[in-house]
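Structure record follows, encoded as structure tokens.
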Amino acid sequence: MTIPATSPARPGTIRGDEAALGRGPWQLRLPAAIAAAFLVLPLLALLVRVPWSTLPHLLTEPIVGEALRLSLICASAAAGLSMLFGIPLAWVLAHASGPLVNLLRALVTVPLVLPPVVGGVALLAAFGRRGVLGRPLDDLFGITLPFTPIAVVLAETFVALPFLVLTVEGAFRTLDSGYAEAAATLGASRWFTFRTVVLPLLAPAVLAGSVLAWARALGEFGATITFAGNSPGRTQTMPLAVYLAMERDPDAAIALSLILLLVCVLVLLLLRGRWLTGAAR
Amino acid sequence: MTRYPRLVAGSGLVALLALAGCSGGSSTTSSSSSAGSSTSSSTSASTSQGGAQGELTVLAAASLRDVFVTIGKDFEAAHPGTKITFSFGPSSGLATQIVNGSPADVFASASAATMKTAADAGAVDASRLFARNSMTIVVPKDNPAKVDDLSDLADSTVKVAICAAEVPCGVAAHKVFDTAKLSVKPISEEADVSAVLTKVSLGEVDAGIVYVTDASSAKDKVQAVEIPAADNATTDYPIAVVKDSAHHDLAQQFTDFVLAPEAAKVLADAGFAGAGG
Amino acid sequence: MRRQQQPSSGSAPGPALRAHVEITRPGERTFRLAVDLAAEPGSVVAILGPNGAGKTTLLRAIAGLSRLDAGRIQLGDSVIEDPAAGVRLPAAARSIGVVFQDYRLFPTMTVRDNVAFAARSRGASKNSSRESADQWLSRFEMTAFADRRPSQLSGGQAQRIALLRALAREPALLLLDEPLAALDASIRGVTRDELRSYVASFAGPTLLVTHDPLDALLLADRVVVIENGRVTQEADPATIASQPATAYIAGLSGLNHYRGRADRAHGSVVLDGGGRLVPASLPTDPGEVLVALAPSAITVHTERPPAGSARNTWPGTVRSVQQLGDRVRLDVIAEPSALVDVTAAAVAQLHLAPGSSVWLSAKATEVTAYSAS
């Protein structure tokens with residue numbers, strides 16, 4: 001078993017596996033085709049309705065650029081915050097036990113089922129000018145969060161965080177504790193082990209979770225417009241722009257959706273490309 | 001290692017889903033209208049099947065909800081055997097439905113421009129104005145920024161929410177500021193009137209501009225500060241019979257009824273001004 | 001590193017291991033481990049036993065990966081765990097290198113970073129820890145693998161890197177958990193030779209957990225046999241091989257093993273299971289006597305052999321015939337029953353088959369009798 005022979009052989013085997021999957025039973029292939037068509041057809045239908053002639057004009061409108069920029073920045077910040085706080089939360093959920101932890105686990109999934117508008121109202125109740133935390137923030141430091149880009153990030157983080165936490169928690173649970181034991185016998189502290197051994201092993205799950213969180217944040221509408229309001233250039237993200245455009249000019253709304261969609265797909269493809277090269281290294 | 005890219009590809013699809021979810025989310029506000037329209041369409045279907053005379057589907061602007069429910073009951077009482085199904089929503093959304101052939105008999109809009117859209121598409125008969133709405137300032141009950149008149153809104157420390165320029169109430173708010181030659185920088189341009197009312201009643205903003213009728217229906221949560229008539233902007237409410245209506249005569253009777261004195265009183269009670277004034 | 005260049009005897013002796021380990025695992029059948037263990041610096045102690053005997057539990061307890069219920073572990077002068085005194089050093093603070101059965105090389109790191117890990121976790125800079133890792137790699141002639149990932153190593157290479165990683169920690173005690181079990185039989189021999197040379201250069205005590213008697217015999221200075229949570233024999237490898245204390249240990253070296261009592265009048269041992277055997281000599285200790293007899297030391301006859309040729313002759317019936325490499329093993333029911341190794345030619349010549357009546361004979365010099373205590 002020599003190494004040069006095994007490494008190049010691997011992609012070939014995988015491709016073989018995929019080919020085998022493609023020849024799978026029709027009981028799987030048929031529903032798979034229906035699922036794919038169900039997802040793709042509305043997107044194609046949207047493409048058909050795009051007013052291609054006005055598209056270049058729309059793209060150059062400063063308000064579209066601003067909304068797009070704000071969307072990307074805020075969604076990325078929300079994904080970053082989700083990682084920063086979501087990974088530790090996932091760790092706690094995966095390693096602790098007891099009724100309190102079970103309750104916490106249930107609560108983490110609440111933003112997934114809560115209508116986002118209600119989430120926005122909840123955020124106002126907590127961080128609003130007269131909110132539980134918002135009032136002391138305002139009284140003591142003169143900080144008000146609603147109607148700021150920070151509020152956009154918070155609203156997006158609120159709905160995106162569960163995606164990351166649930167993905168990473170699952171990975172923590174299936175992680176082989178043997179590696180952490182090996183690290184301990186080599187003299188590593190628990191924190192050093194977490195950073196250098198555990199986290200790299202979790203990288204695929206963290207990546208998947210943060211891509212999910214990012215995408216959810218990018219499409220966030222209800223919580224954002226409720227908690228952060230709609231102020232062009234400040235809190236108006238693409239979904240808000242799309243919604244308001246729908247009121248006046250449905251064609252423009254479709255065009256804006258298309259832009260958001262293309263940017264999203266582009267970023268994911270780039271990310272995938274980077275990850276591919278990173279993995280091949 | 002080779003499974004990472006697959007993971008990402010998978011997440012990519014989910015991301016597209018989430019994107020689609022965004023547009024789904026954006027329609028939550030208008031979902032009541034789509035749900036309403038689905039009821040109305042089923043009603044129409046039963047109408048054409050059973051031939052039960054006297055069933056009407058009325059699409060009306062959301063701000064007409066309270067008054068039209070009352071007027072509808074009055075109409076049903078005055079015309080035994082008739083049944084009216086309402087679908088309330090944003091005027092622009094309703095116009096889109098009618099232009100796209102959604103079965104309906106009467107369209108009552110909160111904006112002349114929206115009615116024009118429907119008329120230009122040949123979807124409605126000639127329209128008539130039946131009511132007029134004007135704007136008012138609303139402040140939280142305790143009025144934290146001490147807003148007494150319109151000019152206070154130009155103060156940069158006063159947080160003001162108005163409707164977005166894309167919706168009629170936003171157009172009207174801007175018109176008010178232009179007429180009064182005030183430079184107001186709203187902190188938020190909300191998607192609809194109810195969002196402005198929510199922000200004011202929660203105290204998240206110091207003042208908002210809404211329709212008089214909205215202020216009167218929410219008077220236990222907010223306090224209204226009048227806008228001088230000279231500066232105020234009005235919105236016209238036109239009503240028209242839908243061209244493809246299956247009950248053209250009955251639809252015409254309903255629009256006449258809305259323009260009649262009894263209905264005018266209901267409208268006036270809710271804060272609407274008469275079409276003439 | 002110094003240990004690599006100098007024989008262990010020449011360097012300052014490391015600390016000795018003294019351990020009394022008691023662990024109770026409640027369950028359907030409560031498992032209780034109670035073992036005393038000592039290992040001198042520079043020596044290799046094999047912990048041999050069947051699966052489920054508690055070998056790995058013992059090793060994990062010493063490494064600090066499982067808690068003692070009672071007992072005491074001492075490395076040199078320092079007590080690293082003593083539940084009664086409330087002392088428990090965490091695994092990371094024990095200066096014990098462990099090679100796990102499945103190696104547990106970090107899959108996200110290169111071989112070099114795996115070897116550099118111990119230095120990194122002590123706070124050494126990335127560069128200096130990689131430099132010292134490279135020195136270890138070159139000393140073990142593994143430099144060519146430095147940039148590989150563990151997934152790109154063969155089993156033998158991975159085992160060497162795992163050992164290297166543990167040694168690079170410069171531990172006071174080395175623990176090897178079934179280091180050869182994951183390897184193909186074809187390369188186990190070569191890898192075992194390498195392992196012996198590396199372990200020989202280690203100055204501290206080495207504990208080697210294994211279920212393979214060959215590992216214990218070839219690598220260890222002393223063998224501790226554990227069965228069902230208890231030490232059943234502790235001796236040098238030669239004694240373990242020739243004078244097994246239990247049927248399990250006898251089975252490991254393929255010996256026929258009997259219990260009985262000395263009949264000093266006749267110079268023989270009366271066996272518990274029936275029959276008697278005359279050994280070369282009787283143990284002087286009173287009490288139970290164990291007797292070991294190699295299958296190859298027994299001769300098979302189809303007729304009663306003439307008197308005087310061998311001190312022990314007895315009749316029996318062949319129960320089974322089995323090919324074992326270049327020999328044939330017969331299972332003979334007799335008093336005492338015995339496993340007998342003969343050549344394939346003999347089987348053909350004597351027409352041996354299950355059910356054949358045979359006579360067995362063994363010289364007294366081939367029969368070892370020893371005290372059970």
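The values are calculated or read from the model by the stated rules, or taken from the named source; none is laboratory data. Everything quoted here is computed from the prediction, not taken from an experiment. Reconstructed Cβ throughout: ideal geometry from the backbone, glycine too, with neighbour counts over all protein chains shown. Note: accessible area is taken over every heavy atom of the protein model, side chains too, but ligands, DNA and RNA are not part of it. Shrake-Rupley method; radii C 1.70, N 1.55, O 1.52, S 1.80 Å.
Measure off, as a whole percent, the carbon and sulfur share of the 1.4 Å-probe accessible area of region C:254-371, all protein chains present. Display every interim value, and only then the final one.
On the way: 3050 of 6010 Å².
The value for region C:254-371 is 51 percent carbon and sulfur by accessible area.
Compute for chains A and B the buried accessible surface, both sides summed, probe 1.4 Å, and express it in Å² to the nearest 100. Can you show the working numbers first?
Values: alone 17190 and 13670 Å², together 26840 Å².
What A and B bury together is about 4000 Å².
Per the 1.4 Å probe, what fraction of the accessible area of region A:60-280, in percent, lies on carbon and sulfur atoms? Before the final figure, lay out the partial values.
Numbers: 6600 of 9270 Å².
The C+S portion of the solvent-accessible surface of region A:60-280 is 71 percent.
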Check: region A:60-280 dipole with +1 on Lys, Arg Cβ and -1 on Asp, Glu Cβ, in debye: 400 debye
Accessible-area composition of region B:133-234, carbon plus sulfur, in percent [1.4 Å probe]: 52 percent
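If a/c stays under 1.5 just call it rounded; otherwise compare a/b with b/c (prolate if a/b is bigger, oblate if not). Do that for region B:133-234, with a ≥ b ≥ c from the square roots of the Cα gyration tensor eigenvalues.
Details: a/c = 1.26, a/b = 1.13, b/c = 1.11.
Rounded, because the longest to shortest axis ratio a/c is under 1.5.
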Taking the C-alpha atoms of region A:60-280, convex hull volume expressed per residue in Å³: 151 Å³
Cβ-based charge dipole, the protein assembly as shown, positive-most Cα from B:Gln97, C:Val321, C:Leu173: C:Val321
Spread of Cα-to-Cα distances over 20 Å intervals beginning at zero, given as percent, for the protein assembly as shown: 11, 27, 24, 17, 13, 7, 1, 0
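Nearest 5 is fine: what % of DSSP beta bridges in the protein assembly as shown come out antiparallel, could you say?
Details: 84 of 116 bridges.
Antiparallel bridges: around 70 percent, rounded to the nearest 5.
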Burial ranking of peptide ranges C:298-304, B:232-238 (average Cβ count within 10 Å, highest at the top): B:232-238, C:298-304
Whole-number Å³ per residue for the convex hull built on Cα positions in region C:254-371: 92 Å³
Listed residues A:Thr167, A:Thr60, A:Thr109, most fluctuating in chain A (Gaussian network, C-alpha, under 10 Å): A:Thr60
Three-way shape call for region A:73-131 based on the alpha-carbon gyration tensor, with the a/c threshold at 1.5: oblate
Relative contact order %, chain A, counting alpha carbon pairs below 8 Å whose residues are six or more apart: 27 percent
13 Å beta-carbon shell around B:Ser91, net charge (K/R +1, D/E -1): -1
Cα centroid of region A:46-67 to Cα centroid of region B:195-244, whole Å: 32 Å
Estimated dipole of the protein assembly as shown in Debye, rounded to 20 [Cβ of Lys and Arg +1, of Asp and Glu -1, Cα centre]: 3080 debye
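Just to confirm a number: summing +1 for Lys and Arg and -1 for Asp and Glu over residues other than B:Asp244 whose beta-carbon lies under 12 angstrom from that of B:Asp244, what do you get? Could the numbers behind the result be given before it?
Details: positive: B:Lys243; negative: B:Asp105, B:Asp125.
In short, -1.
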Dipole in debye (nearest 20) - region C:1-132, about Cα centre, beta carbon charges: Lys, Arg +1; Asp, Glu -1: 400 debye
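For region C:20-143, divide the Cα radius of gyration by the Kirkwood radius and give the resulting Rg/Rh value with two decimals. Walk me through the numbers on the way to the answer.
Working: Rg = 17.5 Å, Rh = 16.9 Å.
My calculation of the ratio gives 1.03.
Averaged across orientations, what area in nm² does the convex hull of the alpha carbons in chain C project? Mind dumping the intermediate values first?
Values: hull surface 93.5 nm².
Computing the convex hull of the Cα atoms and averaging its projections yields 23.4 nm².
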Residue (of A:Thr237, A:Ile254, A:Ala160) at the positive-pole extreme of region A:60-280, dipole from beta-carbon charges: A:Ala160
Other-chain or far-sequence residues with amide H under 5 Å of C:Val98's (modelled H): C:Leu175
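Please quote Rg/Rh for region A:150-249 to two decimal places, taking the Kirkwood radius as Rh and restricting both calculations to Cα atoms.
Details: Rg = 19.3 Å, Rh = 15.8 Å.
Rounded to two decimals, Rg over Rh is 1.22.
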Integer Hz, Karplus 6.51/-1.76/1.60 couplings in order for region C:202-217, x for Gly and Pro: 8, 7, x, x, 10, 9, 10, 8, 7, 10, 9, x, 5, 4, 5, 5
Most mobile listed residue (C:Arg72, C:Arg122, C:Arg60) in chain C, GNM with C-alpha springs under 10 Å: C:Arg122
Pairwise centroid distance, computed over Cα atoms, of region B:169-194 with region A:105-140, Å: 27 Å
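Let me know the shape class of region C:79-207, please: from the alpha-carbon gyration tensor, a ≥ b ≥ c as square roots of the eigenvalues, rounded when a/c is under 1.5, otherwise prolate if a/b is greater than b/c, or oblate. Write out the running numbers ahead of the final one.
Values: a/c = 1.86, a/b = 1.24, b/c = 1.50.
Oblate shape, in that a/c is at least 1.5 and b/c is the bigger or equal ratio.
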Solvent-accessible area lost in complex, 30 Å² minimum, residues of region A:150-195 relative to chain alone, 1.4 Å: A:Tyr179, A:Glu181, A:Ala182, A:Ala184, A:Thr185, A:Leu186, A:Gly187, A:Phe192
Vicinal HN-Hα couplings computed from phi for region C:144-156 (Karplus, 6.51 cos²θ - 1.76 cosθ + 1.60; Hz; Gly/Pro x): 4, 9, 3, 9, 7, 8, x, 5, 9, 9, 6, x, x
For C:Gln233, residues with placed amide H under 5 Å, excluding near neighbours: C:Val225
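Before we go on, tell me the buried accessible area for the A/C pair, both chains summed, 1.4 Å probe, in Å² to the nearest 100.
2000 Å²
Do any of B:Lys175/B:Lys221; B:Lys83/B:Lys265; B:Lys116/B:Lys221; B:Lys185/B:Lys221 go past 32 Å between their Cα atoms, and which? Working shown, then result.
Numbers: B:Lys175/B:Lys221 26 Å; B:Lys83/B:Lys265 22 Å; B:Lys116/B:Lys221 35 Å; B:Lys185/B:Lys221 24 Å.
Going by Cα-Cα distance, B:Lys116/B:Lys221 fall outside the 32 Å limit.
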Most mobile listed residue (C:Ala334, C:Ala203, C:Ala241) in chain C, GNM with C-alpha springs under 10 Å: C:Ala334
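For region A:60-280, what is the accessible area per residue in Å², given a 1.4 Å probe and the full set of protein chains?
On a per-residue basis, region A:60-280 sits at 42 Å².
Per DSSP helix of 4 or more residues, -39500 (n - 2.57); summed, then divided by the residues of chain C. What does that give at 222 nm, rounded to the nearest 500? Display every interim value, and only then the final one.
Numbers: 10 runs with 94 residues, N = 373.
Here the helix-only value at 222 nm equals -7000 deg cm²/dmol.
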Relative contact order %, region B:133-234, counting alpha carbon pairs below 8 Å whose residues are six or more apart: 47 percent
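Relative contact order of chain C, please, whole-number percent, based on alpha carbon pairs below 8 angstrom and at least 6 residues apart.
Details: 787 pairs, mean separation 61.4, N = 373.
In percent, rounded to a whole number, it is 16.
Hey, what's region C:139-210 come to in accessible area per residue, 1.4 Å probe, Å²?
Details: 2330 Å² over 72 residues.
Here the per-residue accessible area is 32 Å².
When ligands, DNA and RNA are left out and all protein chains stay put, how many square angstrom of accessible area per residue does region B:113-230 have with a 1.4 Å probe? Intermediate values should be presented prior to the final figure.
Values: 4890 Å² over 118 residues.
Heavy-atom accessible area per residue stands at 41 Å².
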